[in-house]
4 protein chains.
Amino acid sequence: MPLREGEYFILYGGPKALYLLKYSKGLRFSTHLGELIFPEHIEYGDKLKSNTGHTFYLLFPSTSDLILFIKRKTTIMYPKDIGYLILETGVSYGKKVAEVGSGSGGLTVALATIVGKEGKVFSFERREEFNRLAKANVENYGLSDRVEFIIRDVALDGFGIENMDVVFVDVPEPWNIVPKALEALKPGGFWASLSPNIEQVQKTVFKLEKNGFIRIKTVEILEREILIREGKTRPRERMISHTGYLTTAQIVRT
Amino acid sequence: MPLREGEYFILYGGPKALYLLKYSKGLRFSTHLGELIFPEHIEYGDKLKSNTGHTFYLLFPSTSDLILFIKRKTTIMYPKDIGYLILETGVSYGKKVAEVGSGSGGLTVALATIVGKEGKVFSFERREEFNRLAKANVENYGLSDRVEFIIRDVALDGFGIENMDVVFVDVPEPWNIVPKALEALKPGGFWASLSPNIEQVQKTVFKLEKNGFIRIKTVEILEREILIREGKTRPRERMISHTGYLTTAQIVRT
Amino acid sequence: MPLREGEYFILYGGPKALYLLKYSKGLRFSTHLGELIFPEHIEYGDKLKSNTGHTFYLLFPSTSDLILFIKRKTTIMYPKDIGYLILETGVSYGKKVAEVGSGSGGLTVALATIVGKEGKVFSFERREEFNRLAKANVENYGLSDRVEFIIRDVALDGFGIENMDVVFVDVPEPWNIVPKALEALKPGGFWASLSPNIEQVQKTVFKLEKNGFIRIKTVEILEREILIREGKTRPRERMISHTGYLTTAQIVRT
Amino acid sequence: MPLREGEYFILYGGPKALYLLKYSKGLRFSTHLGELIFPEHIEYGDKLKSNTGHTFYLLFPSTSDLILFIKRKTTIMYPKDIGYLILETGVSYGKKVAEVGSGSGGLTVALATIVGKEGKVFSFERREEFNRLAKANVENYGLSDRVEFIIRDVALDGFGIENMDVVFVDVPEPWNIVPKALEALKPGGFWASLSPNIEQVQKTVFKLEKNGFIRIKTVEILEREILIREGKTRPRERMISHTGYLTTAQIVRT
């Protein structure tokens, strides 16, 4: 089935020639390994040669690709962290989840791919600039039907919605969102937040405790690449050793 | 909304009194902190006292809970690993994925919660015992509508299906599945496998290379808990330091 | 060369039958793999059979062995942490180092083996019980000639010595030792402390900064075992994931 | 006590202005933070201003400093790894140890600082260039009295010495050294090797097993820095995630 106008694909010419592109008729793309002129009918899995003779492939983008290649003006939540949180909070088909703040929309995209058309992501952001950016990114990926973007300072004005299965919080002061989450969440539902610094985690956890959240847990997720090569297998020599601490909790009826 | 017959909930009486239960009228449950007699109308988020006065709460189960509490006769894939693979292979609402083998059905459950009613999980297993176990577990969790269980030795007889978005492989000899995955996968689609030993990974990666898979990557995911306590914050003293190596790859048209 | 009265050796009958013993004429020792009666002339590297026929070997103890098998009433500093600190603070032949507190004497032993006869370890402890214990352990290992044990509350009364190359601090409130270390250390010399909790590290680091210490650095050292077995190589499944944070610093003339 | 001709010191102007220098009368040194002209009488712990007014300090170098700042043409063994091996093999005052190969002399320096004047390090290297380099480095640091450098292909010609307490092996094919180590080591003594790739470790371990070594253990040591800052405490975002696997073993009488 040929790619349609607006569909995304990974252009892969090797580990250092990896791009996320949006198909449109007449697409051309230049890399350090030559220029590619895309024919009208291309399909996922196809092979293409650049004008310098380098071979490229067209691949399906993973959710990680969608996140890591997103147009961004903020730090993003990493796939390893998002994957953990999705399992730990039960995000799945049909769920209703809220997110504070939208940022560049990376987490929004991941959540949207999973809750599907019968679920909903409410994405809150207080800065217009980021609201616009996240919205554009989600639209580009064709996921707008299941996401509602709201400009609102949740720390001040609350969520204004209720009955959420999960609330995701990725702002510098998550503790300010804790009391507001009480109203937004279903009883028995999930809190999830990410913070890079331990003092942020401490303030958030103590606030969660004071507000009746239980089953509070903080972890860090480390991803370590292993290079598998004939006779020379070893872990990669450098890695990202810290993105953030992940805190989950559940709320009970009071 | 009161719990319905057959709905699952987490019974939480503290970090060491944590259970996944299935609601049924007249349910009683004994713990080391006393016995619980469940009233007819209970809801998620409710508080209950055991006959010895200990307080318990009813919480929504996370996907991690469903996996970790599953009835099992095999080792299971851990949520930290499943979460990573889901993002890395683009498993999401509506996708069609195949899994070899069913094992106890832990991964099957996670996949089923995400692909939703418009997606499909084909779960292959060659041993009848595990086919039955995984099937029962998925049925119990109410996810049977989107899962098809197949008894079949994929290494010998292939998948017998095609056009899969992703193929998950969790068997001792993943390299035997590689040539069969070629027919089952959409061009540009994803391979994902988990193996505890490095030699298994090496054989699998070399077989993937020989069979035209590209963008091959192997990682390990480490989950480290941080104990957040007033004046005594530190990582937990012991951790699970190895579950398995995770390998992903994508296939191109040949 | 036969073992002499009082010499220590490792008795090794396998990974789960590992003992540190002190040689004496007529020594007998019982294990779950049988009893050993030691002949008068035994040497390092010798093979012995227990009365049940299991083979044991006599090996030189490593410094790690001396530490891990020490008679203890406290938690001990782990070899992985001590090894790092020794390199990071330049502990070597001939150095003069102070230690607060003695604890069970594990660190004292390690330092004593390295500073040698021309060096000196001053080991401070305020509780008589631990002073006695550490002293006995160091004596047993034949290292008393280079260690001076002092009962003294350093936080209150200071060190009472000066010109130290390094000061090691392993007490619950290292920050109380910081101002006292100023007088004990050579200008340009090293501070080293270990604390399990992050709040202890924070207080210590801020106190070090206020007292003119520079080049302050905090790390954690993780030791992960790899099981090397034909076709089944992988990291051990569980590990000690936290012992303590290690802080080093250097002092300048004021 | 003023620094003497040829003594090494750390010049510290901040985390990014850190140098190991050798004192000589009339020393001048240029940095990106200005030039320093050293007065005739300077002492460890002294403060100096560069011509642009930046403050620098003179500190004692740690053993880690001596290793990391060594003149090198090879990769070096990291302090975290050396520290672990020293404790694990009992390197201490008075010990006799052999090392294959000399490389740039980093490990040689660390061992020499510890075995002291009554101990000895025999450092074997088959390539003249590295023999010369390691020799010059050890001489510069004033440790020549306890190190003997030998040009020799140990894999072919053996050690030619015996009665060693420990043998350190840091060459690409450690397994070739194993049979030779049998003659060089005291019965009950220690083998230590470092290899970056898992296949090297496997070959070495299997060769050690075949040659009667026991108590074989392989680990990796990870060093993770924690940034301690008011309200912003967190692990550093990137780290060195792999240097090498460390294997230790002990030999018995045959």
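The values are calculated or read from the model by the stated rules, or taken from the named source; none is laboratory data. Not measured: the values here are computed from a predicted model. FYI the Cβ positions are ideal-geometry reconstructions off the backbone, even for glycines, and counts take in every protein chain you see.
Side notes on the structure shown:
- Matching residues, region C:180-198, being under 27 Å from A:Q202 (Cβ atoms), more than 7 Å from chain D (Cβ to nearest Cβ) and not hydroxyl-bearing (S, T, Y): C:W191, C:A192, C:L194, C:P196, C:N197
- Taking region A:106-124 as the range and being more than 7 Å from chain B (Cβ to nearest Cβ), polar (S, T, N, Q) and within 23 Å of B:K80 (Cα to Cα) as the test, only A:T108 passes.
- Residue count for region A:1-29, restricted to those that are aliphatic (A, V, I, L, M), in contact (Cβ under 8 Å) with a residue 12 or more places away in the chain and assigned to a strand (DSSP E or B): 4
- Count of region A:30-48 residues, restricted to those that are surrounded by fewer than 14 Cβ atoms within 10 Å (Cβ to Cβ) and either within 29 Å of the chain's Cα centre (by Cα) or assigned to a strand (DSSP E or B) (or both), is 5.
- Test for A:E118: is it over 14 Å from the mean Cα position of the chain (by Cα) and either under 26 Å from A:R253 (Cβ atoms) or part of a loop (DSSP other than H, G, I, E, B) (or both): yes
- Qualifying residue in region D:114-134 (condition: among the acidic types (D, E) and out of contact with any Phe, Trp or Tyr (no Cβ under 9 Å at 6 or more places or on another chain)): yes
- Count - residues of region C:219-254 that are of a type in the set (D, E) and in contact with a helix residue (DSSP H, G or I) (Cβ under 8 Å, 6 or more places away or on another chain): 2
- For region B:168-197, the tally of residues that are assigned to a helix (DSSP H, G or I) and over 22 Å from the mean Cα position of the chain (by Cα) stands at 5.
- Matching option when the condition is in contact with a helix residue (DSSP H, G or I) (Cβ under 6 Å, 6 or more places away or on another chain), at pLDDT 95 or above, closer than 21 Å to D:G244 by Cβ and assigned to a helix (DSSP H, G or I), among D:T113, D:T108: D:T108
- Scanning region D:156-163 turns up at least one residue that is surrounded by fewer than 15 Cβ atoms within 10 Å (Cβ to Cβ) and small (G, A, S).
- Residues satisfying the stated conditions in region C:60-93, i.e. more than 30 Å from D:Y8 (Cα to Cα) and of a type in the set (K, R): C:K71, C:R72, C:K73
- Evaluation of C:I161 against (1) touching a strand residue (DSSP E or B) at 6+ places or on another chain (Cβ under 8 Å); (2) within 14 Å of chain D (Cβ to nearest Cβ); (3) closer than 21 Å to C:K120 by Cα (one fails), failing number: (2)
- Subset of region A:84-105 [of a type outside the set (A, V, I, L, M), assigned to a helix (DSSP H, G or I) and either more than 8 Å from chain B (Cβ to nearest Cβ) or under 13 Å from the mean Cα position of the chain (by Cα) (or both)]: A:Y84
- Residue ID - surrounded by the fewest Cβ atoms within 10 Å (Cβ to Cβ), chosen from residues in region B:49-83 that are at the interface with chain A (Cβ under 8 Å from one of its Cβ atoms) and more than 26 Å from A:S62 (Cα to Cα): B:P61
- Residue match in region D:199-211 (condition: surrounded by 23 or more Cβ atoms within 10 Å (Cβ to Cβ), in contact with a Phe, Trp or Tyr (Cβ under 8 Å, 6 or more places away or on another chain) and at the interface with chain C (Cβ under 7 Å from one of its Cβ atoms)): yes
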